[in-house]
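Peer 1: Encoded as structure tokens, here's the structure I'll be asking about.
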Amino acid sequence: ILAILIWFVFQMIYFAVVTATSIAPDEVYHYKLSLIWQAAHGLDIADTIQSYHLGALSRAPYLYHWLMGLLLNLNFFDFQPLNFMRGINVLVGIANFWITWKFLKIATDNPFVRISVLLTLASTLMFVFLSGMISYDNLVFFLAGATFYFLAKFIQGRALRDLAILLCIAMIGCLVKITFLPLALLVALCCLWVGRKNIFKMASWVSFRN
């Protein structure tokens, strides 16, 4: 597992270092938007003539760009903002690898399947490439992986703590990218199905009390 992780990290760093600006899909957009959020005060941002070409910022999911802008303010060593943000995304890529490993430990006891999935993940060129670039998809991938992990934990143990974390992650994902909504809906339906017996018992108790 460690060897696969090292190979994965090496590839991400390589792409982050050698890839020219504007090669990665929408990287320039994410970069410019993060710079705007860096200069914003809190979560309040207004559409201006200068930001018009980036779309309606005040109505778009903002969490990824807000986080990037916040972290840019911690660039105490004055790294080039593009390289600094790519480095952050490399760390998110490592988190993606880790959450996938955590999910696999619940999903299967077969070590061959676990290694095969991680090796496939580390060898999928587009995923590795994006993991070294500035893209909100990296955070979406992590949140999706965390969603499946805590959903599996909730189904396995029925713990309210896991359910609360799961629902929080689903809501956070919707603040990163609008296409996270179908997954959030699926999670809500799964939770209702898993907890249907308790829901029926609670409904019956309420009816009896009334």
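Peer 1: For GLY195, all conditions in the list (1) at pLDDT below 95; (2) open to solvent by 50 Å² or more (accessible area, probe 1.4 Å) hold save one; what is the number of the exception?
Peer 2: Failed condition: (2).
Peer 1: For the stretch 78-173, list the helices (runs of 4 or more DSSP H) that sit wholly inside it and hold at least 2 residues that are within 29 Å of LEU192 (Cα to Cα) and hydrophobic (A, V, I, L, M, F, W, C); which are they?
Peer 2: 81-107, 136-157
Peer 1: Of the residues TRP7, TRP37, only one is of a type in the set (A, V, I, L, M, F, W, C), within 19 Å of the chain's Cα centre (by Cα) and either at pLDDT 95 or above or surrounded by 17 or more Cβ atoms within 10 Å (Cβ to Cβ) (or both); which?
Peer 2: TRP37
Peer 1: Take the stretch 75-97 and flag every residue that is out of contact with any Phe, Trp or Tyr (no Cβ under 8 Å at 6 or more places or on another chain) and polar (S, T, N, Q).
Peer 2: If the condition is that a residue be out of contact with any Phe, Trp or Tyr (no Cβ under 8 Å at 6 or more places or on another chain) and polar (S, T, N, Q), then GLN80, ASN83, ASN89 are the ones that fit.
Peer 1: Still on this model: Answer with yes or no whether MET85 is out of contact with any Leu (no Cβ under 9 Å at 6 or more places or on another chain), surrounded by 21 or more Cβ atoms within 10 Å (Cβ to Cβ) and modelled with pLDDT of 95 or more.
Peer 2: no
Peer 1: In the stretch 10-23, which residues are open to solvent by less than 80 Å² (accessible area, probe 1.4 Å), hydrophobic (A, V, I, L, M, F, W, C) and at pLDDT 95 or above?
Peer 2: If the condition is that a residue be open to solvent by less than 80 Å² (accessible area, probe 1.4 Å), hydrophobic (A, V, I, L, M, F, W, C) and at pLDDT 95 or above, then MET12, PHE15, ALA16 are the ones that fit.
The values are calculated or read from the model by the stated rules, or taken from the named source; none is laboratory data. Just so it is clear, the model here is predicted, and its values are computed rather than measured. Cβ: placed from backbone, ideal geometry, glycine included. Neighbour counts: every protein chain shown. Keep in mind that these areas ignore ligands, DNA and RNA; they rest on the heavy atoms of the full protein, side chains included. Shrake-Rupley method; radii C 1.70, N 1.55, O 1.52, S 1.80 Å.
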